[in-house]
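See structure below.
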C-alpha cells in the first residue's frame, strides 16, 4: 500500500510539478511577457496531461468517457492562451470568444446526458466555465506572478478536494496534478523573477480545466450544487475586488482571501454532504 501511495504521489504530484517548474524556468529566462504567457499556459497544460498520462495512461481519441476530454482540451486551451498576447482586441471580444469556447466545452462534457441535444444543463455549465475561467484570468492580470499562481493553485486544490469528497478519485487526482503544477509555478515565481504574464497564461488554462472538473463532478459524481457555485463565485468576487479596489495591496489580499474563502466553503459543503451520505 505504501509503495502504491508513493508511486501515485510521484506520478500525480512530483512529475507534474517538476515539468511545470522546468517550463517556467526556461520561459522566464526570456524576460518577454509574450514568452512568459506561453510558458505559463504550457506549464499548466503539461502538468494536467502529464499527471493523467502517468497515473492512468493516455486516453483514446475520441474519449470513451467524458472525464477524459480535459486531457485533450488542455493543449487546445494552451494554444489559445499562447496566441492571445499577439491579438489586440477589446475585453468584450475576449469574453465573447471565451463564451463560445465555454459552450463547446459544456457540449462535449454533457452531451451523453441529452443525446447530443442542447439543454439547460449545458447552458448552466457553459456559464460556470465562463465565469470561473474568465474571472481567474482577470485576477491573474492584476496580481504579481507569485500571488497569481497561488490563487490558481488554491482554486485547483479546493476543486480536487471537493470532487474527492464527492466520490471521484480520478477527477481528484487530475485536480491534484494541476494544483501541483500551479504550486510549482508559485515557488518558481516566489524565488525567481517570473514575469506576471506567466501567471496569466497559467490561469488561462487552469481556470477552464478547474471548471471542467467541477462540471464533471457535478453531473457524473455527487458534487453539491452550492459547492460548484462557490468554486465559480470565488474567482468572480476576487475579480470584482481586483477591478474596484483602489489600493493594490488591499486588492491582492482581498482577492486571494475571496478565492481561499470560496474554496474552503466549497470543501466544507462537500464534506458535510459526504458525511451525510456516508
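The values are calculated or read from the model by the stated rules, or taken from the named source; none is laboratory data. Note that the structure is predicted; figures quoted are calculated from it, not measured. Don't worry about glycine lacking a Cβ; one is built from the backbone with ideal geometry, like all the others, and counts go over all protein chains shown.
Only one entry of 18, 47, 39 meets the criterion of being at pLDDT 90 or above, more than 23 Å from residue 163 (Cα to Cα) and crowded, with 24+ Cβ neighbours inside 10 Å, and that entry is 39. Restricting region 113-162 to residues that are out of contact with any helix residue (DSSP H, G or I) (no Cβ under 7 Å at 6 or more places or on another chain) and closer than 18 Å to residue 233 by Cβ, the residue that is surrounded by the fewest Cβ atoms within 10 Å (Cβ to Cβ) is 123. Read through the list (1) assigned to a helix (DSSP H, G or I); (2) within 14 Å of residue 216 (Cβ to Cβ), then give the number of the only condition that residue 59 fails. So residue 59 meets the others, but not (1). If you scan region 63-78, which residues turn out to be closer than 12 Å to residue 110 by Cα and outside any helix (DSSP H, G or I)? The answer is 65, and nothing else. Residues of region 192-206 include at least one that is within 14 Å of residue 138 (Cβ to Cβ), modelled with pLDDT under 90 and surrounded by fewer than 24 Cβ atoms within 10 Å (Cβ to Cβ). Only one entry in 237, 214, 249, 253 is surrounded by fewer than 24 Cβ atoms within 10 Å (Cβ to Cβ), part of a helix (DSSP H, G or I) and either within 15 Å of the chain's Cα centre (by Cα) or modelled with pLDDT of 90 or more (or both), namely 237. It is to be established whether one or more residues within region 89-112 are in contact with a helix residue (DSSP H, G or I) (Cβ under 7 Å, 6 or more places away or on another chain), more than 26 Å from residue 163 (Cβ to Cβ) and at pLDDT 90 or above. The answer is yes, given that some residue of region 89-112 is in contact with a helix residue (DSSP H, G or I) (Cβ under 7 Å, 6 or more places away or on another chain), more than 26 Å from residue 163 (Cβ to Cβ) and at pLDDT 90 or above. For the residues 225, 209, the requirement of being touching a helix residue (DSSP H, G or I) at 6+ places or on another chain (Cβ under 9 Å) and touching a residue at least 24 places away in the same chain (Cβ under 8 Å) singles out 209.
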